[in-house]
Amino acid sequence: MIRVCAVGEIPEGEAVRVESGPDGVPVAVFNVGGSYYAIDDTCSHQDASLAEGYVEEEDCAVECPLHATCFDLRTGQPGGPPARVPVRTHTVVIENGDVHVALSQATAQVA
Ligand code: FES
């Protein structure tokens, strides 16, 4: 499990990128209405940082900043092309006032 930041350091509707993890994959952690979600930061289509995408709070999704595929933050599933492969989701744990991420080892499955 990796510590991301203190609760409250990610404003609502925004995300942070965490440069860690045993497989070296950066993770994006989002605050959507006070709930936290973690997914792989790199888009499954090309090399874009999803933490820099637009958060659609009403859909609990993030829009990739490069080609605008929306990924569901709860499932990692892309809403439409050009991305067709989901991104991995990770478990967020709030502990002692800090946000932590338990990295998933599962490989993303093709939708
Ligand atoms: S890089 Fe994300 S949709 Fe193309």
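The values are calculated or read from the model by the stated rules, or taken from the named source; none is laboratory data. As the structure is a computational prediction, the values presented were derived from the model and not from experiment. Cβ: placed from backbone, ideal geometry, glycine included. Neighbour counts: every protein chain shown.
For this structure, a couple of remarks:
- Positions within the stretch 98-111 being surrounded by fewer than 14 Cβ atoms within 10 Å (Cβ to Cβ) and at pLDDT 95 or above, in sequence order: D98
- Matching option when the condition is free of Cβ contacts under 8 Å to residues at least 40 places away in the same chain, loosely packed, with under 14 Cβ neighbours inside 10 Å and in contact with a helix residue (DSSP H, G or I) (Cβ under 7 Å, 6 or more places away or on another chain), among G80, G8, G33: G33
- Residue match in the stretch 57-72 (condition: in a strand (DSSP E or B), β-branched (V, I, T), buried (at least 19 other Cβ atoms within 10 Å of the Cβ) and more than 16 Å from the ligand (Cβ to nearest atom)): no
- When N96 is tested against the conditions (1) under 10 Å from the mean Cα position of the chain (by Cα); (2) free of Cβ contacts under 8 Å to residues at least 60 places away in the same chain; (3) away from the ligand (no atom under 16 Å from the Cβ), the lone failure is (1).
- The set of residues from the stretch 5-56 being among the small types (G, A, S), over 15 Å from H67 (Cα atoms) and either within 12 Å of the ligand (Cβ to nearest atom) or assigned to a loop (DSSP other than H, G, I, E, B) (or both) comprises G8, G13, S20, G21, G24, G33, G34.
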